[in-house]
Amino acid sequence: MKQRRFERRHAADWQAFAARLDRLEHGAAPRNAAQPAPLPVAELPAAYRQLCQQLAIARSRRYGRSLLARLNQLALRAYQQLYRGPQRRWQAVLRFLTADFPQRVRADAGLFWVCAALFYLPLLGMGLAVHQAPELIHSLLSPESVADLEAMYAPGKTAADRDAASDLAMFGYYIYNNIGLGFRTFAGGVLLGIGSAFMLVLNGVFIGAASGYLTARGFIETFYTFIAGHGAFELTGIVLAGVAGLKLGWAVVAPGRSSRVESLRQAASGGVRLILGVAALLVLAAFIEAFWSSNRTIPADIKYAAGAIGWLLVSLYLTRAGRRAP
Amino acid sequence: MLQPTPALLDTIRRVETPEGVELSLRVAGPVARALAWGADSLIKYGALWGLLMALAVLDQGGFGLWLIALFLTEWFYPALFEVYAGGATPGKKALGLKVIHADGTPVDWPAALIRNLLRAADFLPVFYGFGLTAMLCNRDFQRLGDLAAGTVVIYRDPPAAPPRVPPGPALPPPFPMSPAEQQLLIDFAERSLTLNPARQVELAELLADATRLHGITGVERLRAHARWLVGDHA
């Protein structure tokens, strides 16, 4: 069959097909009155298979490239309408937080301990070193930053020093900074895991140095009552961001029986779910840090108790949640 | 005689569908994507600047809200558009680009998040250094985020269709032609209208041995054969 006859025979079908795709892609009907009536939605799959066959015929008969491009485009658009993933619902979010996320953490328990070591060992080491020799802090922080750090935790300030507006400002800052750091830790994993490991060690060193210094300076109550509340969520969040990142790195370094790209793709699909759980943990941490930790009217004992409960909750959540079938 | 066209060095990615037909996707290169990124940056930071001015009336608390907006924009602006606006941020839309899975299906949330969170790694060490290196190392121009997410950036629309061969006499070719040769001749007839006359003649001269015609009459003869081949002689 000659190309023109083929075109004439199917032109009306293709127009109705394209009109249906326009509606599906843009929601409402376009105002163009000249458009033919669209194909009923129920007939789209059958019409799509027919179009695929017409495309194959047109290719094997070597019809002109412009016709092939046109049919290819129609088939591609219909393919994207038919083969889309299921739409996520709120139920899926809930299930993710109550079961899927802790299950994924447990599945990567080995990586979790590696990341915990990469974070807590530098933290403890640096903390002890700076506690013994407080001047070491100057190898990490400028004199101005040290002065800021001291001013933040100097005893004697009252609750009046921070009002609701500044709590909100700090909440915004913790969201922007802490979750951003978590995401960067994850992203750095794709560089053979080096970026994630670096971020874990760096965070450990800085947090350890600040803790050691403030302890040596004797700001014990102001500092530890501040970090007690959100510590469990934030520190665990940092370690888990490292887990998500090292998953990517390990997939590239040791892909096993698949290609490196394929192995990276599979690891990324799990890793992105981990990092979403991390983001949820860090939002919770930022909320506690901005609105609870900063409140100096709460007695120290209550803050320490809340901190202990936080650690208990995090460990119970990560070890127990999602063990029973829903 | 005419040679069948060899495999071309092009940027077409072929995807086989469950219906057993191959679809071709035109993958977009670094320049178009960088322009789209620039347009998106203008939109993002323009909007953030406006928001900063508007939230300034709220003083410190307003700044906190703005930082949250900054965080959301920095990490989720592209993913949001890629999932809910047909695979394209406003910048990509302006450049006629869209993001899809490498198998041709629309991007979903996990893939959009992976490619946009890993943007932070692509950006290293300076200004998308790793991203560009990765793009130049694979034939689908995927940056690290695309490789991990299994996505590609393609041109949304096919190139503009060439004009149809104007009506005129139709002549059967002087000898039987293979399908590949027929396609080549039709493509020439369609594309010739977008070429200048000297170039049309130059290309038609390649077949002067077969047509035994020179100059513009040679071009006309090839168009007549093309009309006959597509069936325009009704």
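Other protein chain C-beta atoms within 10 Å of residue C-beta, averaged over B:11-23: 5. Amide H contacts for B:Leu97 (H built 1.01 Å from N in the peptide plane; partners 5 or more residues away or on another chain; cut-off under 5 Å): B:Arg156.
Projecting the Cα atoms of A:Thr319, A:Gly270, A:Ala244 onto the charge dipole of the protein assembly as shown, computed from C-beta unit charges around the Cα centre, puts A:Gly270 farthest toward the positive end. The GNM of chain A, with springs linking C-alpha atoms under 10 angstrom apart, assigns the highest mean-square fluctuation among A:Arg273, A:Arg23, A:Arg104 to A:Arg23. Within chain A, the selection of entire DSSP H helices by a Cα span of 27 Å or greater along the long axis and an average Kyte-Doolittle value of at least -1.0 returns A:109-132, A:194-216, A:220-253, A:260-288, A:300-320. Across the range A:90-320, Cα pairs under 8 Å and at least six residues apart give a relative contact order of 31 percent. Once both labels are positioned 7 Å from their Cα atoms along Cα-to-Cβ, the gap between A:Asp13 and B:Thr11 label points is 3.4 nm. Within 10 Å of the Cβ of each residue in A:182-191, the mean number of Cβ atoms contributed by other protein chains is 6.
One Cα centroid belongs to the range A:210-278, the other to the range B:6-55; the line between them spans 31 Å.
Look at B:Val27, B:Val99 and count the other Cβ atoms within 10 Å of each Cβ; fewest to most, that gives B:Val27, B:Val99.
Provide the net charge surrounding A:Gly270, with neighbours chosen by a C-beta distance below 14 Å and charges set as Lys +1, Arg +1, Asp -1, Glu -1.
Overall, the nearby charge balance is +2.
Work out the charge dipole of the range A:90-320 with +1 on the Cβ of Lys and Arg and -1 on the Cβ of Asp and Glu about the Cα centre, then indicate which of A:Val201, A:Ala165, A:Leu136 is farthest towards its positive end. Looking along the dipole axis, the top candidate is A:Val201. Summed over qualifying helices (DSSP H, 4 residues or more, each -39500 (n - 2.57)) and divided by its residue number, the protein assembly as shown shows a 222 nm mean residue ellipticity of -21500 deg cm²/dmol.
Relative contact order of the range B:179-230, taken over Cα pairs closer than 8 Å and 6 or more residues apart, is 43 percent. Legend: mean number of C-beta atoms from other chains within 10 angstrom of residue C-beta atoms, peptide B:152-159, equals 2. Net charge dipole, the protein assembly as shown: roughly 2240 debye, given to the nearest 20, about the Cα centre with Cβ charges of +1 for Lys and Arg and -1 for Asp and Glu. Placing +1 on the Cβ of every Lys and Arg and -1 on the Cβ of every Asp and Glu, with no other charges, gives the range B:25-155 a dipole of roughly 340 debye about its Cα centre.
Translational D (Stokes-Einstein, µm²/s) of the range B:99-234 at 20 °C and 1.002 mPa s when Rh comes from the Kirkwood sum over C-alpha pairs? Write down the numbers at each step before the final one.
On the way: Rh = 18.5 Å.
It comes out at roughly 116 µm²/s.
Across A:Ala197, A:Ala92, A:Ala116, mean-square fluctuation computed from a Gaussian network of chain A (C-alpha pairs under 10 Å connected) peaks at A:Ala92.
Each of B:Thr105, B:Thr73, A:Ala47 was placed along the dipole of the protein assembly as shown (beta-carbon charges, centred on the mean Cα), and the one lying farthest toward the positive end is A:Ala47. Other residues within the sphere of radius under 10 Å centred on the Cβ of A:Phe226, judged by their own Cβ, net out at 0 (K and R +1, D and E -1).
For the range A:87-129 and the range B:138-214, what is the separation of their Cα centres, given in Å? Distance between centres, Cα-based: 55 Å. Remark: the range A:90-320 is approximated by an ellipsoid whose semi-axes, taken from the C-alpha gyration tensor as √(5λ), come to 33, 21, 15 Å, largest first.
Across chain B, C-alpha contacts under 8 Å between residues 6 or more apart give a mean separation that, scaled by the residue count, equals a relative contact order of 17 percent.
Given axes a ≥ b ≥ c from the Cα gyration tensor, I'd like to know whether the range B:179-230 is rounded (a/c under 1.5), prolate (a/b larger than b/c) or oblate. It comes out oblate by the Cα gyration axes. Shown for B:Phe127, A:Phe198: other C-beta atoms within 10 Å of each C-beta, ranked fewest to most, produce the order B:Phe127, A:Phe198. For the protein assembly as shown, the Cα gyration tensor yields ellipsoid semi-axes of 61, 23, 22 Å (square root of five times each eigenvalue, largest first, whole Å). Applying a length cut-off of 15 Å (Cα extent along the axis) and a mean Kyte-Doolittle floor of -0.5 to the DSSP H helices of chain B leaves B:30-55, B:59-84, B:179-192, B:215-230. Ranked by the mean number of other Cβ atoms within 10 Å per residue, highest first, peptides B:15-22, B:223-230 order as B:223-230, B:15-22.
Starting from the Kirkwood Rh over alpha-carbon pairs, what translational D in µm² s⁻¹ does the range B:90-171 have by Stokes-Einstein at 20 °C and 1.002 mPa s? Answer, rounded: 147 µm²/s.
The local environment of A:Ser258, defined by Cβ-Cβ distances under 15 Å, has a net charge of +3 under the rule Lys, Arg +1 and Asp, Glu -1.
No lab work stands behind these numbers, since they all come straight from the coordinates. The model shown is predicted, which means the values in this text are computed figures rather than measured ones. Methodologically, a virtual Cβ is constructed for each residue, glycine included, from the backbone with ideal geometry; neighbour enumeration extends over all protein chains shown.
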